Amino acid sequence: MAWAAAWVIAIPCVAGALAFALRGALRGLFIALGVAGATAAAAALVVFVARDGARDLALGGWLAPLGIRLRADGLSAFFIALQAGVGAIVSGYAAGYFAGDREGKAFWPLWLTLWAGLCGLYLTGDLFNAYVALELIGVTAVGLVAASGGAALVAGLRYLIVTLTGSLLYLAGVALVYAEIGAVDMEAAAQGLGPSPVAHVALALMAAGLLLKTAVFPMHFWLPPAHANAAAPASAILSGLVIKGSFYLLVRIWNDVFSAHADDMLAELMGVLGVAAVIWGSAQAIVAARVKMLVAYSTVAQVGYLLMAFPLGGDAWPGAMYFAAAHGLAKAAMFAVAGAIARELGHDDIAKLGGAAGTLPAGFFAFALAGVSLIGLPPSGGFLGKWLLLSAAADHDHMLYLAAIPAGTLMAAGYVFRVIAPALAELRRAPRPSPWRLWREAPPLVLALAALALGFSLSPALVLLSRGAPFGGGG
Amino acid sequence: MTWHALLPLFVIASSLVPGIVIFTLGEDRQRLRTALNLGAAVGKVGLVAFMVYGVAHGVSYEARLPLTSDLDLVLRADPLGVLFVSLSSVLWLLTTVFAIGYLEPYRNKRRFFGHFSLCVSATVAIALAGNPLTFLFAYELLTLSTYPLVVHRGDAAAIRVGRVYLAYTLTGGAGLLVGTVLLYTLAGPIDYAPGGALQIPGDAGDTALWLLFFWLIASLGVKTALVPLHRWLPDAMVAPTPVSALLHAVAVVKAGAFGIVRVVYEVYGIAGANELGLLAPLSVVASVTIVYGSLRALRQRDLKRRLAYSTVSQVSYIVLGAAIFGPLATLGGVVHIVHQGIMKITLFFCAGAFSETLGIHRVDEMDGIGRRMPLTMVAFTVAAIGMIGLPPTAGFISKWYLGLGAVSDGQGWVLAVLLASTLLNAAYFLPLIRAGWFGQRRSPWPRDERRGRFEGDSWLIAPALVTALLTLLAGVLAAGPVSVQQWAEVIVGQEYVPASPR
């Protein structure tokens, strides 16, 4: 199992380096091998964790505080499964999207390094190594945005400043922890941090940095331009996967490091920010002029649901994780379709979508299916995630969330159908369907169908998530 | 998993799989698509017939998929569900025949028939849902799969109406989601059970249960088109007529009413609902809807809109039956699930045949139509008489038991509602019948085309004749050995047996 964990990080890392160094057919071969290998290693790791439970892994035999400590519990495995699943399918899409395109040159090394960074973040048991992973993720993600040039360059620079600020805030928190107890290992920190104000300040700093990176309202301003102007495969990765990284770390330190310091007021504050994000992000999506902008603002809204787990606790934790997975799949599908729309029609203006479903029937079908999960209608992972959140809210009589979640559902329906409805309009002259292209039609359909399939597979996911009891309690 | 567990899945798959296959076929594969549609519809009727036979002989068919340690998705063939499944599968077959004829000159048939099949699959899942969570799954699927059918014409009006439809039904769906979560929070994960799944009193405070009941009814009431939540239904008339027919008789509106019946009988239990004082307010809502719908129908000049308001009124008979305590009223309400379906679908088939053959859309254009299309007009007349509730039609049976039930429960005022509704129904249907048979045609028909071997396209006329015949048979043979009423009596028998402890 230790080897599987190391491979999960090492394979995409090496493949990224090769994608940078090599040219021609050999490069393509190693990229394909890298994606396949990283996915296989992730699958193996998930199976190990599901079967054997959580494990501490000391690379090279050195234990903390000297060695690099990796640890894989259910939460890590869950996010690695999401990373590998969405990552592999988006890679297939990207291969077609960037075929014969200069932009693709920068894409592959950045994307594979980003993959390694995310997996490193999910597996590390050390606050400082998590910082290193965060920086790696941030820099490569900015690169993915900026590679498109033009408006994306401006958005990318803004993104760079934001992500560096977020990392710095986080690092300041880590420094405080180190000053207090002389260690940055998560387990050591959890045991060593007494009820001191320093711990509270450290948590506040780290949370602020991570919320900024997760684009939580009102710190979301950087996300829509960055995600909407990047190339479609990059947008899919950024919205579907990258923001999950900082969210994961926040969940991790909240439950594993600062469980004694995470007070109710901070939790309530995050929940209220979540509600505000749902309302504000959805409202912006409802008035957005472009499909990609709409999908990007929808990310701002969907992140809001994830934050509701902090005040709700209990079943809301696995609910939010499940919701995050469903969002990753559905959002990647939507950006992939948005990319196809922009390529095929030459624009992605919502006002000019009339009858577009005739041009891209499979694409709009996939968009609608992804929309089902995004809105939170059954059968989908989005629905079950919301069900668990609502159940937790009902258990504790949290009227705010009991009202906000269905309200967000309706608003999501509002913006999803803004794209679907005009596309179904009848034109006087029926548009010719654009020729079927496997790379373009299959990935979003598979992603969207996977988001719907999550509507039937909660049980194994809950078992996996309970390995190592990442949210406290039994399991 | 034995085949007893597989049968409910097969019944759903028998329309779901052909639907998916239809999406993958090219637009021009007309023959194959028609064969698939008809084959699937006939196959489903066969499977359902087998299921009815099994259930009648005490076999239980149940498929269960655990979602978590205590949440399950359940499909189960109980008598109430089987009643609804039978109605849907038979009417789906007839509507498919009608739709094949109706859509002949139009485009986008692949999209239409694909979603049409999905819509029926969702309806069947609603009927077989064994607990509120499964019901919610299927209910939302129905909302979504019906949307492309409602906007099928694709013009500005259709898109606008689609927005209204979604605004109403998704709001109802969000309400139902919250209601179901609250129900599970109050009572734990429950399965539908004859006599009621809740322990009343016991599971929770009376006030909470009272509030939750009306929250659920209001959420389901959107699709049921209870006044004042009915506005979307008359608007949805821009949909092609086969869609309206399915919407009014089987799918959307009926699914809402069926949900209310489930909540009253199998969640709260009729005795529990009576004890909590839930029935009186519900009967008032149903009565208001019955009278208001009829009043509005009277003022509509568009034939389909008149039929739509008539649906608003008629579907609430089912709710009224559920809102009166006593086996007779229950019987009236439950048989009306089927009776309203076959009568209303006949009227829509006829309206569609009129509009496609002669271009007739308005009620004041119907003068003399009976001489040009006598068979269709006969079917229309039979169904209209059924709606008014005269013997020997199916509608009479429903009203008879509703009236008897109301009197035996000491609620004489309901008779006044039934009488008013009968008079109003007569007031908006009899003039049409009179104009159709005896009116003098002064101008030529707006158009006159698609003459088939007889008065019009036989794909359009034959389904109407079959359902009109069913309307008569359901009335005449109600007391016979194999009839809707017999089956409904089995259901009633279950609901009034004191609930056994879980």
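The values are calculated or read from the model by the stated rules, or taken from the named source; none is laboratory data. Remember, it's a predicted structure, so these values are computed and weren't measured experimentally. Here Cβ is always computed from backbone atoms with ideal geometry, including for glycine, and neighbour counts include all displayed protein chains. These accessible areas exclude ligands, DNA and RNA; they are computed on the full protein's heavy atoms, side chains included. Shrake-Rupley method; radii C 1.70, N 1.55, O 1.52, S 1.80 Å.
The figures follow:
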item: At least 40 Å² of accessible area lost relative to the chain alone, listed for the stretch B:159-175 with a 1.4 Å probe; result: B:ILE159, B:LEU170, B:ALA174
item: Relative contact order computed over the stretch A:151-217 (Cα-Cα under 8 Å; 6+ residues apart), in percent; result: 45 percent
item: Accessible area buried between chains A and B, both sides summed, probe 1.4 Å, in Å² to nearest 100; result: 2900 Å²
item: Alpha-carbon Rg/Rh ratio, for the stretch A:136-286, with Rh computed the Kirkwood way; result: 1.02
item: Sum of side-chain charges, B:VAL417 neighbourhood, beta-carbon under 14 Å (Lys, Arg +1; Asp, Glu -1); result: 0
item: Volume per residue of the C-alpha convex hull in the stretch A:272-475, rounded to whole Å³; result: 105 Å³
item: Within-14-Å neighbourhood charge of B:GLY332 [Cβ basis; K, R +1; D, E -1]; result: -2
item: Shielded residues, the stretch B:178-197 - accessible-area loss of 40 Å² or more between chain alone and all protein chains, probe 1.4 Å; result: B:VAL178, B:VAL181, B:THR185
item: Span from the the stretch B:148-195 Cα centroid across to the the stretch A:390-446 one, whole angstrom; result: 15 Å
item: Per residue value of the accessible surface for chain A (all protein chains in place, 1.4 Å probe), Å²; result: 34 Å²
item: Value of Rg to Rh for chain A (Rh from inverse mean 1/r over Cα pairs, i.e. Kirkwood); result: 0.96
item: Estimated dipole of the stretch A:302-421 in Debye, rounded to 20 [Cβ of Lys and Arg +1, of Asp and Glu -1, Cα centre]; result: 260 debye
item: Span-rule helices in chain A, defined as complete DSSP H runs reaching 27 Å or more along the axis (Cα) with Kyte mean at least -0.5; result: A:2-21, A:24-52, A:74-97, A:103-123, A:127-146, A:151-181, A:264-287, A:316-345, A:399-423
item: Square roots of 5 times each gyration tensor eigenvalue, C-alpha, chain B, largest first, Å; result: 34, 27, 20
item: Student exercise, the protein assembly as shown dipole from Lys, Arg, Asp, Glu Cβ charges, in Debye to nearest 20; result: 3640 debye
item: Per-peptide average of other Cβ atoms within 10 Å, ordering B:130-137, B:48-55 highest first; result: B:130-137, B:48-55
item: Whole-number accessible area per residue in Å² for the stretch B:3-495, which is evaluated in the context of all protein chains at 1.4 Å; result: 32 Å²
item: Degrees separating the helix B:374-388 axis from the principal Cα axis of chain B, which is the longest one; result: 30 degrees
item: For the stretch B:117-274, average projected area of the Cα convex hull in nm²; result: 8.5 nm²
item: Rg/Rh ratio calculated on Cα atoms of the stretch A:278-343 (Kirkwood radius); result: 1.06
item: Average other protein chain Cβ within 10 Å of Cβ, residues A:373-379; result: 5
item: Fraction of accessible area attributable to carbon and sulfur, the stretch A:272-475 (%, probe 1.4 Å); result: 65 percent
item: Alpha-carbon Debye profile of the stretch B:212-348, log10 I(q)/I(0) at 0.12, 0.19, 0.21 Å⁻¹; result: -0.42, -1.00, -1.20
item: Nearest 10 degrees, 0 to 90: helix B:413-438 Cα axis against chain B principal axis; result: 20 degrees
item: Tilt relative to chain B, helix B:30-56 - C-alpha long axis, 0 to 90 degrees, to 10; result: 40 degrees
item: Compactness of the protein assembly as shown, expressed as Rg and Dmax over alpha-carbon positions, Å; result: 30.1, 101
item: Given 16 as the ceiling on other Cβ atoms within 10 Å, longest exposed-site-free region of chain A for chymotrypsin sites (Phe, Trp or Tyr not before Pro) in DSSP loops; result: A:222-435
item: Solvent-free Debye scattering, log10 I(q)/I(0), computed from the Cα coordinates of the stretch A:354-393 at q = 0.35 Å⁻¹; result: -1.00
item: Accessible area of B:ILE22 in the full protein assembly, 1.4 Å probe (Å², nearest 10); result: 0 Å²
item: Computed over chain A: relative contact order in percent, which uses C-alpha pairs under 8 Å that are six or more apart; result: 16 percent
item: Semi-axes of the equivalent ellipsoid for the stretch B:250-331, Cα gyration tensor, largest first, Å; result: 27, 13, 9
item: Sequence-distant lysines (8 or more away, or on other chains) whose Cα lies within less than 26 Å of B:LYS254; result: B:LYS44, B:LYS109, B:LYS223, B:LYS304, B:LYS344, B:LYS399
item: The stretch A:272-475: relative contact order as a whole-number percent, Cα under 8 Å and 6+ apart; result: 29 percent
